[in-house]
Amino acid sequence: MGQGLGAAFPALRERHYRVFWITGLVSNTGTAMQAVALDWYVLTITGSGTAVGWAIGLQYAPVLLFGLWGGSVVDRFPRRTVLLVAQTLYALQAATLAVLVFTGTAQLWAIYALSFLLGSVFLVENPTRLSFVSELVGRTLIPNAASLNIASLTAARLTGPAIGGLLITWVGPGWVFAVNFVSFGVVIGGLLSIATRAAPRRATISASAGVTYVLGRPGLVGVLAAFGVVATFGLNFPITLTMFAGEEFGLGAWGLGVMSTAMAVGMVAGTVTVGRRVFPSVRTVMVAAVAFGVLECVAAVMPVYPAFLVVLAATGFAVMSLNTFVSAYVQLDVTEAVRSRVMAIYTVISMGGTPIGGPIIGWVSEHAGVRVGMAAGGVVSIAFGLGAALWFARRGGLAVMPSPTSRAVST
């Protein structure tokens with residue numbers, strides 16, 4: 001691989017991680033394509049936005065209800081084996097959707113059931129995938145690998161819907177599901193070719209061990225709490241950007257696409273820049289949370305579209321910085337014995353607040369204006385970040401870096 005790319009992303013020098021990342025990018029893109037196709041198909045056969053909402057909600061429901069137990073399943077089996085089974089189930093789900101659509105026999109209840117199945121597999125697969133990184137790269141490369149994982153998801157969410165939309169127009173949603181089925185075959189092939197590093201034997205522990213571990217480490221609690229608050233109240237851009245494009249600037253779908261692109265540019269810049277940092281600390285997480293909140297507030301008051309885009313790109317940089325710091329901190333602050341369970345908690349925190357924060361920010365945006373709604377998310381992020389930073393500063397814990405062998409700060 002090129003020297004420049006290897007210097008920016010040293011984790012990609014590891015052949016087996018490189019295979020894992022590339023095949024994961026293919027799969028993530030296919031999944032993003034399927035998400036668009038499924039929403040479109042449900043809307044087509046029902047004409048109901050509520051039905052689309054149920055299809056989406058049922059994908060999140062298993063994570064919200066059972067996400068904390070996902071890690072306990074992971075720790076009972078080799079991680080690569082769990083990933084192979086999960087990818088196979090993903091493939092069967094996509095294949096079933098394709099067959100139902102091609103044959104014209106798709107019923108709404110079947111789509112709901114398949115959506116719930118997708119979420120059920122995800123609650124086990126996601127913490128496994130996040131934990132599996134430690135078996136592919138050394139400890140010093142984990143932050144860089146975490147940054148690359150986030151970049152993969154970001155790239156997939158940008159390109160997947162666009163490709164899916166084109167395929168729906170050209171050949172129909174059934175073929176999108178079929179393409180996604182093939183993408184999982186690529187992942188399975190990649191996993192079978194990977195040789196992992198020797199992983200310590202993981203003892204069978206209680207389902208609550210991850211929660212107990214996190215609660216015993218104030219630094220980890222603070223990092224996850226900051227991320228959870230920002231994810232819940234600050235990261236509601238599907239709502240706010242849509243309203244900015246339609247109501248504030250009157251640009252429609254084209255303007256929304258440019259906004260998304262501007263934010264993506266900032267995210268890519270954040271990946272290249274922040275991904276090189278090796279050891280995050282509690283301070284870096286809190287600074288990133290506050291910086292994100294400030295930039296979101298600044299974006300909310302930008303009076304003209306070009307200035308809004310510039311600040312939005314900077315906000316994307318801050319989002320990627322925060323994501324990378326949190327993911328790296330969590331990965332570096334856990335032992336192998338509880339890694340999968342803690343990553344399950346991370347999964348719930350990163351996704352679980354959306355059904356709470358989304359309606360709140362949406363209600364504020366509808367009744368007080370989208371500028372107030374966006375700013376409200378930024379203010380909450382700033383307030384929590386500063387409050388948490390003050391708490392840690394008084395206990396000498398702001399400079400603490402992750403270490404699975406010691407507590408973060410004294411209580």
Q) Among the listed residues Gly2, Gly67, Gly30, which satisfies the condition of being at pLDDT below 85 and within 17 Å of the chain's Cα centre (by Cα)? A) Gly67
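Among the candidates Gly353, Gly358, Gly293, single out the residue that is in the same structural domain as Gly266 (by TED's automatic domain parsing) and crowded, with 23+ Cβ neighbours inside 10 Å.
Working: Gly353 fails: crowded, with 23+ Cβ neighbours inside 10 Å; Gly358 fails: crowded, with 23+ Cβ neighbours inside 10 Å.
Within the list Gly353, Gly358, Gly293, the selection yields Gly293.
Return yes or no: is Phe66 within 16 Å of Val187 (Cα to Cα), in a helix (DSSP H, G or I) and aromatic (Phe, Trp, Tyr)? Full working, then the answer.
Values: within 16 Å of Val187 (Cα to Cα): no; in a helix (DSSP H, G or I): yes; aromatic (Phe, Trp, Tyr): yes.
So Phe66 fails the test.
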(Q) among the hydrophobic types (A, V, I, L, M, F, W, C), touching a residue at least 40 places away in the same chain (Cβ under 8 Å), more than 24 Å from Thr347 (Cβ to Cβ) and not in a helix (DSSP H, G or I): which single residue out of Ala95, Ala51, Ala106 fits that description? (A) Ala106
(Q) Restricting to segment 261-280, and then to whatever is at pLDDT below 75 and part of a helix (DSSP H, G or I), can you tell me which residue is surrounded by the most Cβ atoms within 10 Å (Cβ to Cβ)? (A) Thr271
Q: Please go through segment 311-340 and pick out each residue that is over 14 Å from the mean Cα position of the chain (by Cα) and within 14 Å of Val287 (Cβ to Cβ).
A: Phe317, Ala318, Tyr329
Q: Say whether the condition of being buried (at least 23 other Cβ atoms within 10 Å of the Cβ) and among the aromatic types (Phe, Trp, Tyr) is met by at least one residue in segment 127-141.
A: yes
Q) Do we have any residue at all in segment 291-304 that's assigned to a helix (DSSP H, G or I), under 21 Å from Leu390 (Cβ atoms) and among the acidic types (Asp, Glu)? A) yes
Q: Report, by residue number, each residue of segment 293-335 that is farther than 18 Å from Val230 by Cα and charged (D, E, K, R).
A: Asp333
Q) Could you say whether any residue in segment 369-377 is farther than 17 Å from Ala299 by Cβ and either at pLDDT below 85 or of a type in the set (A, V, I, L, M) (or both)? A) no
Q) Has segment 189-207 got at least one residue that is modelled with pLDDT of 75 or more, among the basic types (Lys, Arg) and surrounded by fewer than 24 Cβ atoms within 10 Å (Cβ to Cβ)? A) no
Q: Working only within segment 157-179, note down all residues that are within 19 Å of the chain's Cα centre (by Cα) and surrounded by 21 or more Cβ atoms within 10 Å (Cβ to Cβ).
A: Gly160
(Q) So if I check each of Ala383, Ala299, Ala399, which one is at pLDDT 85 or above and surrounded by fewer than 23 Cβ atoms within 10 Å (Cβ to Cβ)? (A) Ala383
Q | Unique match (being of a type in the set (Val, Ile, Thr) and crowded, with 20+ Cβ neighbours inside 10 Å) among Val73, Val85, Val63 | A | Val63
Q.
Need the failing condition index for Phe77 against (1) touching a residue at least 24 places away in the same chain (Cβ under 8 Å); (2) not in a helix (DSSP H, G or I), just the number.
A. (1)
Q) So which pairs qualify, if the first residue must be in segment 320-336 and of a type in the set (A, V, I, L, M, F, W, C), the second must be surrounded by 24 or more Cβ atoms within 10 Å (Cβ to Cβ) and not in a helix (DSSP H, G or I), the Cβ gap must be under 7 Å, and the two must be at least 6 apart or on different chains? A) Phe325/Pro280; Ala328/Pro280
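The values are calculated or read from the model by the stated rules, or taken from the named source; none is laboratory data. If you're wondering where the values come from, they're calculated on a predicted model, not measured in any experiment. Reconstructed Cβ throughout: ideal geometry from the backbone, glycine too, with neighbour counts over all protein chains shown.
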